[in-house]
Amino acid sequence: MLETAEVRRQLTHRLAELRKAQAQRRAAAETARAAFEGVLEREIAPTVRQFAQALKAEGFTFSVQTPASTVRMVSDRSSDNVVDIVLELGAAQPAVVVRSAYTRGRRQLEDERTLAQGDAIASLDGERVLAALLDVIEPFVER
């Protein structure tokens, strides 16, 4: 049988490790949030707006919305057809994620792709955002 003192010592050590890891995750989340806010205004939102304008010129109308810390492109045909670019803080490492949702008949289909993680968030540029949008646009423009 284990000694009570040994159990407490190991528990105390583990709790200290967990607190340290939690503090590191919080710091990483704050750094990612600050980086995302900058790149959101500078690169992501303008690129999504340009993309929506180009789609409109091709006959596919989308509205661009910018709710809190998100860029959302919504089809004017169906509000169920959306592309969101968001900062996801729930994973082990903060990540910028492109989520798309669209309908086919009565089915609601969803897709999620990681655009950048961790320190790479600060270096996101319009080219990478455009490439991600081009990857997810197919179901929205099928006729």
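The values are calculated or read from the model by the stated rules, or taken from the named source; none is laboratory data. No experiment lies behind these values; they were computed from the predicted model shown. Here Cβ is always computed from backbone atoms with ideal geometry, including for glycine, and neighbour counts include all displayed protein chains.
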Worksheet item: Pick from the stretch 77-88 the residues that are in contact (Cβ under 8 Å) with a residue 24 or more places away in the chain and not charged (D, E, K, R): which of them is farthest from residue 37 (Cα to Cα)?
Response: 78
Worksheet item: Can you find even one residue in the stretch 35-56 that is closer than 25 Å to residue 22 by Cβ, touching a residue at least 12 places away in the same chain (Cβ under 8 Å), surrounded by 13 or more Cβ atoms within 10 Å (Cβ to Cβ) and of a type in the set (Phe, Trp, Tyr)?
Response: yes
Discussion item. Every residue in the stretch 89-143 that is free of Cβ contacts under 8 Å to residues at least 24 places away in the same chain, within 12 Å of the chain's Cα centre (by Cα) and surrounded by 17 or more Cβ atoms within 10 Å (Cβ to Cβ), please.
Written reply: 97, 99, 116
Practice prompt. Would you point out which residue out of 50, 24 is assigned to a helix (DSSP H, G or I) and closer than 17 Å to residue 89 by Cβ?
Written response: 24
Worksheet item: Looking at the stretch 35-47, is at least one residue modelled with pLDDT of 90 or more, under 16 Å from residue 138 (Cα atoms), in contact with a strand residue (DSSP E or B) (Cβ under 6 Å, 6 or more places away or on another chain) and not in a loop (DSSP other than H, G, I, E, B)?
Response: no
Item to complete: For residue 74, work out the one condition from (1) assigned to a strand (DSSP E or B); (2) touching a residue at least 60 places away in the same chain (Cβ under 8 Å) it doesn't fulfil.
Response: (2)
Worksheet item: With respect to residue 72, is the statement that it is at pLDDT 90 or above, surrounded by 11 or more Cβ atoms within 10 Å (Cβ to Cβ) and not aliphatic (A, V, I, L, M) true?
Response: yes
Practice prompt. Test each condition in (1) outside any helix (DSSP H, G or I); (2) farther than 18 Å from residue 133 by Cα; (3) aliphatic (A, V, I, L, M) for residue 83 and report the one that comes out false.
Written response: (2)
Worksheet item: Can you name the residue in the stretch 1-33 that is among the small types (Gly, Ala, Ser) and surrounded by 12 or more Cβ atoms within 10 Å (Cβ to Cβ) and, of all such residues, is farthest from the chain's Cα centre (by Cα)?
Response: 28
Discussion item. Take residue 108 and tell me if it is touching a strand residue (DSSP E or B) at 6+ places or on another chain (Cβ under 8 Å) and not in a strand (DSSP E or B).
Written reply: no
